[in-house]
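All of the numbers you see were taken from the coordinates with simple rules; none came from a lab. Remember, predicted model here, so these are calculated numbers, not experimental data. Positions of Cβ are generated from backbone atoms using ideal geometry, with glycine treated the same way; all protein chains shown enter the neighbour counts.
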Amino acid sequence: MNNGTLQMPPQASTMAHQVDALYYFIFWGCTAFFLLIVGLTLFFIIKYRRREGQVLQPRASHNTPLELTWTIIPTILVMVVFVWGFKGYMKLAVAPRNSLEYYVTAKKWLWQIKDPNGQQTINEMSVPVHQPIKVILRSEDLIHSFYVPAFRVKQDAVPNRYTTLWFEATTPGDYNLFCAEYCGAGHSGMLGKIHVLTPEAWEDYQKKSAGRPEEVSPEDWGRQLYNSRACVTCHSLDGSVKTGPSFKGIFGHRVELADGSTITVNEDYIRQSIMDPTSQVVKGFQPVMPTFAGLLSSDDIDALIAFIKSVE
Amino acid sequence: MATRTLDAHGSPGGLNYLNVTRGFKSWATTLDHKRIGIMYLMAVSLALLTGGVFAMLIRTELFLPGRTIMSAETYNEVFTLHGVIMVFLFIIPSIPAALGNFFLPIMIGAKDVAFPRLNLASFYLWVTGAVFTVTAILVKGVDTGWTFYTPYSVQSQTSVIWMGLGVFILGFSSIFTGLNFLVTLHKLRMPGMGWFDMPLFLWSIYGTALIQVLATPVIGITMLLLVAERVLHVGIFDPALGGDPVLFQHFFWFYSHPAVYIMILPGMGIISDVITTFSRRHIFGYRFIAFSSIAIAVLGFLVWGHHMFVSGQSEMATMIFSFLTFFVAIPSAIKIFNWTATMYKGSIALDTPMLYALAFIFLFSIGGLTGIFLGALSVDIHLHDTYFVVAHFHYVMMGGTVMAFLAGLHYWWPKMTGRMYPETLARITAGIIFVGFNVTFLTQFVLGSKGMPRRYYDYLEQFQPLHQMSSFGAWILGSGFLIMVLYFLRSLRTGAPAPANPWGSLGMEWRTPSPPPLENFEETPTLTYGLYDYGKVYPREAS
């Protein structure tokens, strides 16, 4: 995957070229104006620097035609920019009729994605290349914002309301998804990946089931879930304190809860903490973890438990 | 340094506003606009330094991805406090309440503002607001960002109530100052001074005061609603209670966009007066500049929705706000052209205030021009809520307002304190600050256009080189400010006594001794020659 130009990320959607064209039009226009101002200023500073015995030459204190000129020309130029930007915006606002629809739910601090077949994933969104994709957004708690720089799209996800955006990816590859609206401690960890798949890879993806493949051990599957279900955003494996307690060596140990009682971290506690996370919060941490009820199967939870046991 | 005195009657050793009475109580209960201005100046400078320390903490944390010196929760509080302190405690009152208070009455030949008691009350309201803010920091901190977006600010466990009340009280301080200035400008101009004889600094203060009086009540009400929602659980903004979070954004920006012009307009006024003084030239296009200040004040009320292009507001609203946004760019462009033209055929001296004025033109041009990117709808979708916006905002607010504040501070320092600052050291420091500023924020434009979202504690590895460069710049910038604080403090004791008119300016404030007497002028002033009539007063340079 290339890294784009000096100022812009890679262009991976049909809209990227159009947005960048306007960006660079403004950039060069502004550069010209800026150089004009700075050039004139420097010229005046040198030419008219204060000298002894200098005679001030007469000069008008205003010149209406000149001032009207430098009022009207910038006005015309910014109107060009307005119309150009508005046209691009209208294209971004109206999704083509043949779009594939994805439902995306944002919550602290993950993206829950439901593809057109109803398959749910977290933070990972697989889409076919050369196909308009419509994302129907909502939020379960705060305002978040769905932002994919390579596609030049961004839209806030607002509680109690649907918002939409669309894009058509042009190049297969993996692209970063960011949350662009500040949402608290895990904001900068609320990241995802958009996988743009070739037509063949898209067919394979549609056939694949979401559950644990036979050949993967529960512990390895748990490790994959740890990453793919965004546990990694808040729980470290090396003992460092993030938004939630580290998993390092936590299994089998007694921890103190927020209400002062203590509890041993066993299979039941882990299951309880995944399904109803705010019920038994470890002391020193905020009750901010979302529930994963309905998002993880019993098999998945078994695998996560096996994985947490293995982190020593 | 070109030191020159137009008026002979600089009276060192005589009585002035600083030594006419002494003691803490004489300051705490003073009704003298100059002393209130000085107290404001000390207060906002303290706020600037505090906000600056938070800025240094932010850039140090971002030097490396992941945890560098603080946790994510602490980081969120630090950037919130940086924003709140800089916006509400420093930049809004900085130029109008500190420098404006000191110079507005002098510039119109008056003895004081129209309502001296209200003026003192406004200062104590500021102090009260600041106490609430500090309390919020000490109790639990605040982590909502300076924008207090709902529903985050309704649900946050931090001291949002204290902070909201603090902002509410600071708002009244701002309203009182604005009201006072409006009445003073209407009623107390000296005989013979018409509206178009006023210095342009006062036109900009007039535009600012209009916005302060008309827009600030909205933020006050919004903050009260937010507090009511948190305390009484009335559903206004929080969707969990049946409220609408986007409504908050409308209310907030209905104030906070005009407030951006509260912040920048007074700075533009200072630049007009500094450039004419150091170019020895009549301002070019007085009326265009004066009316552009009023145009900015009016248009500033009609563009708040450009902060919300991706919030889910209607496409129609978005289109209208984008259209109007481009018109607000024009008056600023006019000012830049007129300032440049003012230097034409001038006699230009590069003393420190002029260096900061030139830095202003350079940096504010970048700040203004990058606003065009953000006004263009399709481009804004990509740039919204990225570091591009952070850089744009800082180029306007710091490259603009703070540079103008520093220009004004150096320009008027001799008048306010009766002491000169060390000129050579000050010029070098201006250079350090200019370089540090550009290294810090030019990099952030690129970070943003490459897709780095703002308010991120952690970042992807690809962004590291630019983040590190920005942090280096911030440290340079911080050192510059440190040097400035030291030389200003030192000049109070050891600076050379200032003559009445060290710059050879024609402004009214330079026609009275430094520091001015309690009544501002020793005799009732009259306008014998215009404030910008350099062509008549200086037919010839002779030093």
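Structural size metrics of the stretch A:209-277, computed from C-alpha coordinates, are Rg and Dmax of 13.6, 43 Å. A Cα-only calculation for the stretch A:107-215 places Rg and Dmax at 14.1, 42 Å. The C-alpha atoms of chain A define a longest principal axis, and helix A:298-310 lies at about 90 degrees to it. Between the Cα long axis of helix B:352-375 and the first principal axis of chain B there is an angle of about 30°, rounded to the nearest 10.
A Förster radius of 25 Å, combined with the Cβ-Cβ distance separating B:His186 from B:Leu214, puts the computed FRET efficiency at roughly 0.95.
Each of A:Lys242, A:Lys114 was scored by other Cβ atoms within 10 Å of its Cβ. Listed from fewest to most, they are A:Lys114, A:Lys242.
Let me know the whole percent of all Cα-Cα pairs from the stretch B:96-135 that are separated by more than 16 Å. Counting every Cα pair in the stretch B:96-135, those more than 16 Å apart make up 43 percent. Put the Cα centre of the stretch A:160-193 next to the Cα centre of the stretch B:235-263 and the gap is 24 Å.
Would you mind calculating the gained length between B:Leu482 and B:Val234 on full extension (0.36 nm times residue separation, minus the Cα-Cα distance), in nm to one decimal?
Full-extension gain reported as 84.6 nm.
Shown for A:Cys234, A:Cys179: other C-beta atoms within 10 Å of each C-beta, ranked fewest to most, produce the order A:Cys234, A:Cys179.
If you take the Cα centroid of the stretch B:15-71 and the Cα centroid of the stretch A:253-294, the two points sit 45 Å apart.
Treating only the Cα positions of the stretch A:1-135 as identical point scatterers, give the base-10 log of I(q)/I(0) from the Debye formula at each q in 0.13 Å⁻¹. Log-scaled intensity ratios, in q order: -0.84.
Where does the longest stretch of chain B lie that holds no GluC sites (Glu not before Pro) found in a DSSP loop with 14 or fewer other Cβ atoms within 10 Å? Walk me through the numbers before you get to the answer.
On the way: sites that count: B:Glu522, B:Glu523.
For GluC sites (Glu not before Pro) (loop position, at most 14 other Cβ atoms within 10 Å), the longest site-free span of chain B is B:1-521.
Fully extending the segment from A:Leu66 to A:Ala32, taken as 0.36 nm per residue of separation minus the present Cα-Cα distance, adds 10.3 nm.
The value for the stretch A:155-312 of Rg(Cα) / (2.2 N^0.38 Å) is 1.19. What translational diffusion coefficient, in µm²/s and rounded to a whole number, does the Stokes-Einstein relation yield for the stretch B:99-238 at 25 °C and a viscosity of 0.890 mPa s, taking the hydrodynamic radius as the Kirkwood radius over Cα pairs? Value of D from the Cα-based Kirkwood radius: 147 µm²/s. Across all directions, the average flat footprint of the convex hull enclosing the Cα atoms of the stretch B:96-170 is 5.9 nm².
In sequence order, the stretch B:511-527 has phi-based couplings of 9, 9, x, 10, x, x, x, 3, 8, 6, 10, 6, 10, 4, x, 10, 8 Hz under the Karplus curve 6.51 cos²θ - 1.76 cosθ + 1.60, θ = phi - 60°, and Gly or Pro positions carry x. Per-residue extension of 0.36 nm, minus the Cα-Cα distance of A:Glu203 and A:Ser261, leaves a gain of 15.7 nm for this segment.
Restricting to bridges with both residues inside chain A, how much of the DSSP beta-bridge set is antiparallel, in percent to the nearest 5? In chain A, DSSP labels about 70 percent of beta bridges as antiparallel. The Cα atoms of the stretch B:442-543 cover 66, 35, 30 Å along the three principal axes, with the biggest extent listed first.
Among A:Pro199, A:Pro74, A:Pro277, which one shows the highest mean-square fluctuation when chain A is modelled as a Gaussian network with alpha-carbon springs under 10 Å? Fluctuation is largest for A:Pro74.
The relative contact order of chain A comes to 14 percent, based on Cα pairs under 8 Å that sit 6 or more residues apart. If you plug the beta carbon distance of A:Glu101 and B:Asp197 into 1/(1 + (r/R0)^6) with R0 = 60 Å, you get a FRET efficiency near 0.35.
Kirkwood radius, the stretch B:408-454, all distinct C-alpha pairs, inverse of mean reciprocal distance: 13.1 Å. Pairs of Cα atoms nearer than 8 Å and 6+ residues apart set the relative contact order; for the stretch A:57-211 it is 21 percent. Between A:Ser139 and A:Ala106, A:Val158, A:Asn160, A:Arg161, the built amide H atoms are under 5 Å apart, and every one of these is 5 or more places off in sequence or on another chain.
Among the listed pairs A:Lys108/A:Lys193; A:Lys154/B:Lys140; A:Lys107/B:Lys450; B:Lys187/B:Lys415; A:Lys207/A:Lys248, which have their C-alpha atoms separated by more than 27 angstrom in this model? Violating the 27 Å Cα-Cα cut-off are A:Lys154/B:Lys140; A:Lys207/A:Lys248. Stokes-Einstein diffusion for the protein assembly as shown at 25 °C, viscosity 0.890 mPa s, with a Kirkwood radius from C-alpha pairs, works out to 85 µm²/s. Volume of the convex hull of chain B (Cα atoms only), normalised per residue: 141 Å³.
Taking the longest Cα principal axis of chain A as reference, the axis of helix A:16-47 is set at about 40 degrees. Quick one: check the C-alpha center-to-center distance for the stretch A:56-91 versus the stretch B:451-517, whole angstrom. Centre-to-centre distance over Cα atoms comes out at 32 Å. Across all Cα atoms of the stretch A:152-234, the radius of gyration (one decimal) and Dmax (whole number) stand at 16.0, 42 Å.
Convex hull volume per residue, computed on the Cα atoms of the stretch B:233-368, equals 118 Å³. For a paramagnetic label modelled at 7 Å from the Cα of A:Glu214 toward its Cβ, which residues of the stretch A:275-312 fall within the zone defined by backbone nitrogen distances under 19 Å? Residues passing the 19 Å test: A:299-300. Computed from the C-beta positions of B:Glu523 and B:Lys25, the FRET efficiency with R₀ = 30 Å rounds to 0.50. Per residue, the convex hull spanned by the alpha carbons of the stretch B:296-354 comes to 106 Å³. Overall, the anisotropy analysis places the stretch A:228-312 in the rounded class: the square-rooted eigenvalues a ≥ b ≥ c of its C-alpha gyration tensor yield a/c less than 1.5.
Ordering B:Val134, B:Tyr206, B:Ile91 by Cα displacement along the dipole of chain B toward the positive end leaves B:Tyr206 in first place; charges were set at the Cβ atoms of Lys, Arg (+1) and Asp, Glu (-1). Diffusion coefficient of the stretch B:202-281 by Stokes-Einstein, Kirkwood radius over Cα pairs, 20 °C, 1.002 mPa s: 146 µm²/s.
Taking other C-beta atoms within 10 angstrom as a stand-in for reagent exposure, A:Thr291, B:Thr440 fall in the order A:Thr291, B:Thr440, fewest first.
Take every pair of alpha-carbon atoms less than 8 Å apart whose residues are at least six positions apart; their mean separation over the length of chain B yields a relative contact order of 20 percent. The equivalent ellipsoid that matches the C-alpha gyration tensor of chain A spans semi-axes of 53, 27, 17 angstrom, in descending order.
Shape annotation for the stretch B:168-320: C-alpha extents along the principal axes are 61, 33, 22 Å, from largest to smallest.
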